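Everything below concerns the one structure shown next.
The values are calculated or read from the model by the stated rules, or taken from the named source; none is laboratory data. All values reported here derive from a predicted model rather than from experimental measurement. Cβ: placed from backbone, ideal geometry, glycine included. Neighbour counts: every protein chain shown.
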Amino acid sequence: MKKLVLAAASIAALALVGPASAQAPIVIKFSHVVTPNTPKGQGADKFKELAEKYTNGKVKVEVYPNSQLYKDKEEVEALQLGAVQMLAPSLAKFGPLGVKEFEVFDLPYILPDKAALGRITKGPIGKSLLAKLEPKGITGLAYWDNGFKIMTANKPMHKVADFRGLKMRIQSSKVLEAQMRALGAIPQVMAFSEVYQAMQSGVVDGNENVPSNVYTQKMHEVQKHITVSNHGYIGYVVIVNKKFWDGLPADVKPQVEKAMAEATEFSNAIAQQENDDAIVAMKKAGTTTFHEPTPAERAEWMKTLEPVTTDMASRVGKDLIEAFQKEANAKTN
């Protein structure tokens with residue numbers, strides 16, 4: 001039934017660009033699950049502004065933030081069916097879709113810094129990963145940055161032993177599931193929009209996310225402790241329904257591509273600052289205790305999580321992991 005509803009919405013959406021409505025603007029529904037004041041939310045709004053400007057109104061972008069249309073597990077299917085045209089799902093979302101290679105980004109401590117990230121996403125590895133989406137009816141347009149993750153919970157998380165028995169919310173990812181189990185925690189897959197209430201009611205004890213998401217979702221109000229672990233990375237791929245994208249008129253598509261390129265630069269430029277500001281704001285709120293891991297604690301975490309990369313090689317691809325690590329750790333002149 002859900003697919004039928006989505007298919008009906010798809011037909012309605014496609015009708016807007018059909019011959020009978022030649023003068024009507026081409027509508028791009030851009031759905032996402034975070035608030036407008038996050039890096040992704042601001043990037044989506046910037047894309048709307050620029051796409052409408054550069055096409056002189058031939059394109060209308062409707063942005064739907066905060067899971068207004070679809071939750072995490074529903075949005076990619078909605079895009080494939082044409083009910084929405086554009087999304088920016090986190091990299092972990094493509095594993096359940098069958099493109100498990102994207103889960104390489106979820107491996108703990110695989111990205112040492114933002115420079116390494118840029119070499120990956122702007123180089124051959126990033127392009128080859130986007131190409132794997134095409135058979136799924138999806139075109140990958142750009143990588144949007146979010147940042148490195150922190151751990152939140154209602155008890156301190158300094159040593160690995162502190163995680164034992166904690167119910168930790170994760171995105172749907174076999175890598176993230178293995179990561180939490182390695183720490184001794186109990187992974188709980190849950191839609192992003194449901195996490196705050198689950199924390200408030202005690203259904204989950206904590207989660208991992210970037211500071212801007214923790215702050216804008218007010219998770220710090222219901223989490224007593226944060227460890228600034230930077231143990232993993234969260235980023236997004238802006239994707240579009242392939243049939244819709246391929247059907248854009250020749251005088252419109254280049255302008256939309258230009259808008260996306262500039263929105264990508266904008267979103268990526270503000271991501272780090274938004275996370276830094278979120279940390280400051282949460283510390284100021286005074287509801288949460290912050291902990292910076294000592295070198296010894298970080299070393300213990302890394303040693304404990306190292307087997308996750310080895311164990312996930314059969315799922316993600318050993319050659320991909322090795323190429324990823326080589327590029328990520330390459331020294332620039």
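When you scan the range 245-252, do you find a residue that is modelled with pLDDT of 95 or more, over 18 Å from the mean Cα position of the chain (by Cα) and under 21 Å from residue 170 (Cβ atoms), even just one? No; the residues of the range 245-252 include none that is modelled with pLDDT of 95 or more, over 18 Å from the mean Cα position of the chain (by Cα) and under 21 Å from residue 170 (Cβ atoms). Scanning the range 90-109 for residues that are closer than 17 Å to residue 323 by Cα, surrounded by fewer than 21 Cβ atoms within 10 Å (Cβ to Cβ) and out of contact with any Gly (no Cβ under 7 Å at 6 or more places or on another chain) returns 100, 109.
The single condition among (1) of a type outside the set (Asp, Glu); (2) part of a strand (DSSP E or B); (3) in contact (Cβ under 8 Å) with a residue 40 or more places away in the chain that residue 187 does not meet is (3).
Restricting the range 130-163 to residues that are part of a helix (DSSP H, G or I) and touching a residue at least 40 places away in the same chain (Cβ under 8 Å), the residue that is surrounded by the fewest Cβ atoms within 10 Å (Cβ to Cβ) is 134. The lone criterion from (1) at pLDDT 95 or above; (2) surrounded by 21 or more Cβ atoms within 10 Å (Cβ to Cβ) left unmet by residue 261 is number (2).
Highlighted here are the helices (runs of 4 or more DSSP H) found entirely within the range 207-294 that include at least 3 residues which are without any contact (Cβ under 8 Å) to a residue 12 or more places away in the chain and closer than 25 Å to residue 111 by Cα: 253-285. Candidates 275, 230, 268: the one that is at positive phi, under 16 Å from the mean Cα position of the chain (by Cα) and of a type outside the set (Lys, Arg) is 230.
When the range 171-184 is filtered for residues that are touching a residue at least 60 places away in the same chain (Cβ under 8 Å) and aliphatic (A, V, I, L, M), the ones remaining, listed by number, are 175, 176, 178, 182, 183.
A residue that is in the same structural domain as residue 294 (by TED's automatic domain parsing), part of a loop (DSSP other than H, G, I, E, B), charged (D, E, K, R) and closer than 24 Å to residue 278 by Cα can be found somewhere in the range 197-206. Residues of the range 74-104 that are touching an Asp or Glu at 6+ places or on another chain (Cβ under 8 Å) and not in a helix (DSSP H, G or I): 84, 87, 89.
Remark: residue 101 falls outside the filter, which requires a residue to be modelled with pLDDT of 95 or more and more than 23 Å from residue 175 (Cβ to Cβ). Answer yes if at least one residue in the range 59-73 is touching a residue at least 40 places away in the same chain (Cβ under 8 Å), part of a helix (DSSP H, G or I) and within 30 Å of residue 302 (Cβ to Cβ), and no otherwise. Yes; the residues of the range 59-73 include at least one that is touching a residue at least 40 places away in the same chain (Cβ under 8 Å), part of a helix (DSSP H, G or I) and within 30 Å of residue 302 (Cβ to Cβ).
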